[in-house]
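Here's the structure we're looking at; comments come further down.
Just so it is clear, none of the values below were taken in a lab; they were calculated from the coordinates. Just so you know, these numbers come straight off a predicted model, no measurement behind them. We place every Cβ from the backbone using ideal geometry, glycine too, and count neighbours over all the protein chains shown.
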């Protein structure tokens with residue numbers, strides 16, 4: 001049980017850097033609303049506002065990984 | 001146009017493992033149209049390589065460049081002074097482009113990133129199909145503009161064979177029988193008598209390998 005507890009502790013200390021590509025009209029507005037509602041999300045989520053996520057190309061996601069992101073998500 | 005497909009990443013990476021400076025060189029014509037070796041694909045491959053080397057803890061320089069065509073010498077002029085900086089050039093052109101790059105930079109290793117597949121057309125976005133086998137002896141005037149050398153797995157110049165099956169091919173039932181397509185095309189044009197003409201065996205003698213062509217206006221240079 002102790003071991004399991006230690007593992008859980010290790011998991012908790014891992015803070016992945018996440019790049020979020022968000023559409024200005026929906027996902028970014030939702031994040032804005034979340035802010036207005038005082039909902040919190042980890043500071044390791046870095047948001048990139050786009051006029052439209054239809055513009056996202058594979059290279060944008062790869063560049064985020066190259067820059068050190070552990071995960072990338074596109075919301076739009 | 002020439003249609004190609006990118007090789008698996010691991011195969012491409014195996015060509016350049018151990019190199020310190022890599023140039024990924026795209027071609028802006030056919031392989032750019034078939035989304036295999038143009039500027040966007042150069043960016044993606046270069047980025048994948050940088051990520052892979054970084055994960056291995058290796059400090060490798062991966063640069064990107066795309067020229068308009070790798071099958072014409074003049075487009076390489078801008079690269080001449082720069083190529084010596086690199087250990088290896090990954091050419092994302094068709095086989096012709098890779099070979100010209102290798103010929104122009106004989107002191108540098110040039111490796112291919114694509115498998116060149118065929119001469120074809122775009123059926124719709126993201127789908128291409130083979131239309132020509134470059135046989136140097138075009139029959140399309142006789143066959144209603146449908147090539148039996150390419151479309152028929154047997155390359156029959158007189159067809160259909162006994163394996164035609166309700167418009168499909170006995171070799172692959174998912175594929176159309178070339179000679180049924182030809183029949184229907186000629187029928188639609190009111191030229192069905194053309195299918196009764198017996199074509200002599202194909203003259204493979206004209207299909208020399210490797211072929212060279214001189215334009216009539218340049219024949220004097222040949223002499």
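What do you get for the angle between helix B:39-55 and the principal long axis of chain B? Use alpha-carbon atoms, 0 to 90 degrees, nearest ten.
50
Going by how many other beta carbons lie within 10 Å of each one, how would you line up A:74, B:127, B:3, fewest first?
B:127, A:74, B:3
Rank by packing, highest mean first: peptides B:117-126, A:15-24, A:33-42, with packing defined as the count of other Cβ atoms within 10 Å averaged across residues.
Packing proxy ranking, top to bottom: A:15-24, B:117-126, A:33-42.
Evaluate the protein assembly as shown: find the radius of gyration of its Cα atoms, find its Kirkwood radius, and give the ratio Rg to Rh. Please report the intermediate quantities before stating the final value.
Numbers: Rg = 27.2 Å, Rh = 24.1 Å.
Looking at the protein assembly as shown, the ratio lands at 1.13.
What 222 nm value per residue comes from the helices of chain B, counting each DSSP H run with n ≥ 4 as -39,500 (n - 2.57) and dividing by all residues, nearest 500 deg cm²/dmol?
Rounded to the nearest 500, it is -7000 deg cm²/dmol.
Rg to Rh ratio, the range B:111-166, alpha-carbon atoms and Kirkwood radius? Present the calculation step by step, with values, prior to reporting the outcome.
Working: Rg = 13.9 Å, Rh = 13.2 Å.
Using Cα coordinates only, the ratio equals 1.05.
Of B:92, A:47, how do they rank once you tally other Cβ atoms within 10 Å and put the fewest first?
A:47, B:92
Find how many whole Å separate the alpha carbon centroid of the range B:24-41 from the alpha carbon centroid of the range A:51-76.
Taking the Cα centre of the range B:24-41 as reference, the centre of the range A:51-76 is 21 Å away.
What percent does the relative contact order of the range A:9-75 come to when contacts are Cα pairs within less than 8 Å and at least six residues apart?
It comes to 53 percent, rounded to a whole number.
Taking a ≥ b ≥ c as the square roots of the Cα gyration tensor eigenvalues, with a/c under 1.5 meaning rounded and otherwise prolate when a/b beats b/c, else oblate, which class fits the range A:9-75?
oblate
Quick one: compute the contact order of the range B:1-156, relative version, from alpha carbon pairs under 8 angstrom and 6+ residues apart, as a percent.
26
For residue B:17, put the label point 7 Å out on the Cα→Cβ axis and report which residues of the range B:39-61 keep their amide N under 17 Å from it.
Zone members listed by number: B:49-60.
Quick check on the range B:2-118: what are the equivalent-ellipsoid semi-axes from the Cα gyration tensor, as sqrt(5λ), descending, whole Å?
After scaling each eigenvalue by five and taking roots: 21, 17, 12 Å.
Picking from B:84, B:172, B:59, which is most flexible by a Gaussian network model of chain B using Cα springs under 10 Å?
For chain B, modelled as a Gaussian network with Cα springs under 10 Å, the answer is B:172.
How large is the direction-averaged shadow of the alpha-carbon convex hull of chain B, in nm²?
16.6
Taking the convex hull of the Cα atoms, report for the range B:136-201 its projected area averaged over all directions, in nm².
In nm², the orientation-averaged hull projection of the range B:136-201 is 4.3.
Efficiency by 1/(1 + (r/R0)^6): what FRET value for residue B:212 and residue B:137, r their Cβ-Cβ distance, R0 = 22 Å, to the nearest 0.05?
Values: r = 16 Å, r/R0 = 0.74.
So, using R0 = 22 Å, E works out to roughly 0.85.
When you look at the Cβ of every residue in B:35-46, what mean number of other chain Cβ atoms sits within 10 Å?
Partner Cβ neighbours, averaged per residue: 2.
Helix B:178-188 versus the longest principal axis of chain B: what is the Cα-based angle in degrees, 0 to 90, to the nearest 10?
Orientation of helix B:178-188: about 60 degrees from the principal axis.
How would you rank B:39, B:103, B:55, going from fewest to most other Cβ atoms within 10 Å of each one's own Cβ?
B:55, B:103, B:39
Report relative contact order for the range B:136-201 in percent, whole number only (criteria: Cα-Cα under 8 Å, sequence separation at least 6). Please report the intermediate quantities before stating the final value.
Working: 64 pairs, mean separation 21.0, N = 66.
This gives 32 percent for the range B:136-201.
Using R₀ = 51 Å, calculate the FRET efficiency as 1/(1 + (r/R₀)^6) where r is the Cβ-Cβ separation of residue B:73 and residue B:189; round to 0.05.
That gives a FRET efficiency of 0.75.
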